[in-house]
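Comments concern the structure below.
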Amino acid sequence: MQEDFKSLKPEQLEALKTLLGKTDTAESSEFADWFDGNKIDEIALCEYLLRKKERKCIHGRLYDLDGEIEDETARKEILDEIRPYQKTNVAKTVERILNTLKLMCQCERPPIREDRIHFHNGTYHLAGYFSEEKEWTMNRLPVRYNPGAPAPEKWLAFLDDLLEKEDIPVLQEFMGYVMIPSNRGQKMLLMIGKGGEGKSRIGRVLRAILGDNMNTGSIQKLENDRFNRADQEGKLLFMDDDMRTEALPSTNNIKSIVTMEDKIDLERKGKQSVQGILYVRIICFGNGSLKSLHDQSYGFYRRQILLTTKERPADRKDDRYLGDKLIREAEGIALWCLEGLHRLIRNGFEFSISDRAKKNLKDLMENENNIISFLNSSGYVRRAEGTYASSRQLYFAYRKWCEDNLERPRAENTFKKYLNENAQPLGLTYDKNLPGNNGKTVRGFRGIHVAIRTE
């Protein structure tokens, strides 16, 4: 009898179980070709599960055509299969079978394709057409592609209340940018307000569009926790919904993630590190800007797009259900994001950053680094081709500027290091052999002249 059942296909077995009535007795074991009446054949069980639904395992995570499968979901499926046969050590058995399943379907990650978006109902090609055929991907979005979706009126009205008109295009481009696996934009987006403006609702909308392709957490942890980078593998977006105001002790991880173009070392607890690819983008919302204790370089700031929200009207009555209403417009908002993505691509991945946003970043740089404020001041130094100044003269002028403006001067070594590392973006040229007094040569910079006496 058992041999006869083994010849049946899985769907035929399932139909037969339904007809006869599935029980938790040993009699039901004759329906399972992976159970011999005494123990479970784990290989046969995994082969059966893979016949029911094709899966792939990439770096320890299970995927099917609809995207990532959580381990808890896989454990529950295994438990439902073995429940009639396994009565002891169930949890250990389930875990062992899950590990076997992952080993059996282990494979290389599918190719990273920047020219398409994997929606819930098919594949949208950025060339301008949609196919209902689903491809293997690590980034299946939960939202449907619906070219006939109505315009997201509530979303557009919400943005009009939240941001200045000239800042909305860059948000549109960034939200489209995070729908594809690419770091070509080489920017992170920060949105700063005083609180209560509704910034976090953008996060809810992004979750509705991206689903599990988005992680939330602290940007401080992303920078400081060496295991956190591995959690971002295969993700499209990392969002910090309430960015803390304390300064980062270092910025190396964040800078490398924003501009990642090659493999990077990914380390997980208790496991051998692997070389992986990250294309996760970063969005942060907060009441203050992102600060660094030691890094005031252009390299840190040029990776940021800094938007500031409108003031919240004192008499505004908040709609507690606005987030739910915006999510109901997800299909229309996805089309709005696609419009921004197409514009970004046409512009060679250069974001439409407004003059207002550029000034936000310039002001931030000057507030965080008074060396920049000094170099941009008048009366102390002037920029002109053919001029030069020694490092000593420049530091003297800088200390004088700090004294006149009640600023605390940075150490001489810090001042010189900053000028050396940022000479090119500052429009300066470092020179070890500038003319000094009495025929001596000194180190300094060309393209700048000190306008006060330094003797």
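Table for the structure above
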{"item": "Subset of the stretch 76-94 (residues that are of a type in the set (Val, Ile, Thr) and in contact with a helix residue (DSSP H, G or I) (Cβ under 8 Å, 6 or more places away or on another chain))", "result": "Ile78, Ile82, Val90, Thr93, Val94"}
{"item": "Positions within the stretch 274-301 being crowded, with 18+ Cβ neighbours inside 10 Å, part of a loop (DSSP other than H, G, I, E, B) and aliphatic (A, V, I, L, M), in sequence order", "result": "Leu278, Val280, Leu290"}
{"item": "Count of the stretch 112-167 residues which are in a loop (DSSP other than H, G, I, E, B), exposed (fewer than 13 other Cβ atoms within 10 Å of the Cβ) and not small (Gly, Ala, Ser)", "result": "5"}
{"item": "Complete set of residues in the stretch 243-272 that are among the small types (Gly, Ala, Ser), open to solvent by 40 Å² or more (accessible area, probe 1.4 Å) and free of Cβ contacts under 8 Å to residues at least 40 places away in the same chain", "result": "Gly270"}
{"item": "Test: residue in the stretch 418-425 that is more than 17 Å from His449 (Cβ to Cβ) and open to solvent by less than 60 Å² (accessible area, probe 1.4 Å)", "result": "yes"}
{"item": "Qualifying residue in the stretch 196-205 (condition: open to solvent by less than 10 Å² (accessible area, probe 1.4 Å), more than 25 Å from Glu173 (Cα to Cα) and touching a Ser or Thr at 6+ places or on another chain (Cβ under 9 Å))", "result": "no"}
{"item": "Lys271, sole failed condition from (1) at pLDDT below 85; (2) more than 21 Å from the chain's Cα centre (by Cα); (3) not in a loop (DSSP other than H, G, I, E, B)", "result": "(3)"}
{"item": "Hits in the stretch 39-70 - residues which are assigned to a helix (DSSP H, G or I) and open to solvent by 60 Å² or more (accessible area, probe 1.4 Å)", "result": "Ile43, Glu47, Arg51, Lys52"}
{"item": "Of the criteria (1) of a type outside the set (Phe, Trp, Tyr); (2) open to solvent by 10 Å² or more (accessible area, probe 1.4 Å); (3) in contact (Cβ under 8 Å) with a residue 60 or more places away in the chain, which one Glu173 fails", "result": "(2)"}
{"item": "Residue identified as within 22 Å of Arg113 (Cβ to Cβ), open to solvent by less than 20 Å² (accessible area, probe 1.4 Å), not in a loop (DSSP other than H, G, I, E, B) and not acidic (Asp, Glu) among Leu326, Leu341, Leu306", "result": "Leu341"}
{"item": "Number of the condition not met by Lys416 [criteria: (1) within 28 Å of Arg302 (Cα to Cα); (2) in a loop (DSSP other than H, G, I, E, B); (3) among the basic types (Lys, Arg)]", "result": "(2)"}
{"item": "From the options Gly439, Gly379, Gly386, residue that is surrounded by fewer than 18 Cβ atoms within 10 Å (Cβ to Cβ), at pLDDT below 90 and either over 30 Å from Gly288 (Cβ atoms) or in contact with a helix residue (DSSP H, G or I) (Cβ under 9 Å, 6 or more places away or on another chain) (or both)", "result": "Gly439"}
{"item": "Residue selected from the stretch 442-455 under the condition out of contact with any Ser or Thr (no Cβ under 8 Å at 6 or more places or on another chain) and open to solvent by 100 Å² or more (accessible area, probe 1.4 Å), by the criterion modelled with the lowest pLDDT", "result": "Glu455"}
{"item": "Matching residues, the stretch 71-88, being assigned to a helix (DSSP H, G or I) and polar (S, T, N, Q)", "result": "Thr73"}
{"item": "Any hit, the stretch 148-155, residues being within 24 Å of Asp324 (Cα to Cα), under 25 Å from the mean Cα position of the chain (by Cα) and in contact (Cβ under 8 Å) with a residue 24 or more places away in the chain", "result": "yes"}
{"item": "Single residue of Ile371, Ile353 found to be part of a helix (DSSP H, G or I) and surrounded by 13 or more Cβ atoms within 10 Å (Cβ to Cβ)", "result": "Ile371"}
{"item": "Every pair of residues 6+ apart whose Cβ atoms lie under 7 Å, when the first sits in the stretch 110-138 and is at positive phi and at pLDDT 95 or above while the second is part of a loop (DSSP other than H, G, I, E, B) and loosely packed, with under 14 Cβ neighbours inside 10 Å", "result": "Gly122/Glu132; Gly122/Glu133"}
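Yes or no, residue by residue, for (1) of a type outside the set (Lys, Arg); (2) in a helix (DSSP H, G or I):
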{"residue": "Ala397", "(1), (2)": "yes, yes"}
{"residue": "Arg410", "(1), (2)": "no, no"}
{"residue": "Asp431", "(1), (2)": "yes, no"}
{"residue": "Arg446", "(1), (2)": "no, no"}
{"residue": "Arg453", "(1), (2)": "no, no"}
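The values are calculated or read from the model by the stated rules, or taken from the named source; none is laboratory data. Because the structure is a prediction, the values reported are computed rather than measured. So basically every Cβ, Gly included, is an ideal-geometry build from the backbone, and we count neighbours across all protein chains shown. Surface accessibility is based on the protein's heavy atoms, side chains included, excluding ligands, DNA and RNA. Shrake-Rupley method; radii C 1.70, N 1.55, O 1.52, S 1.80 Å.
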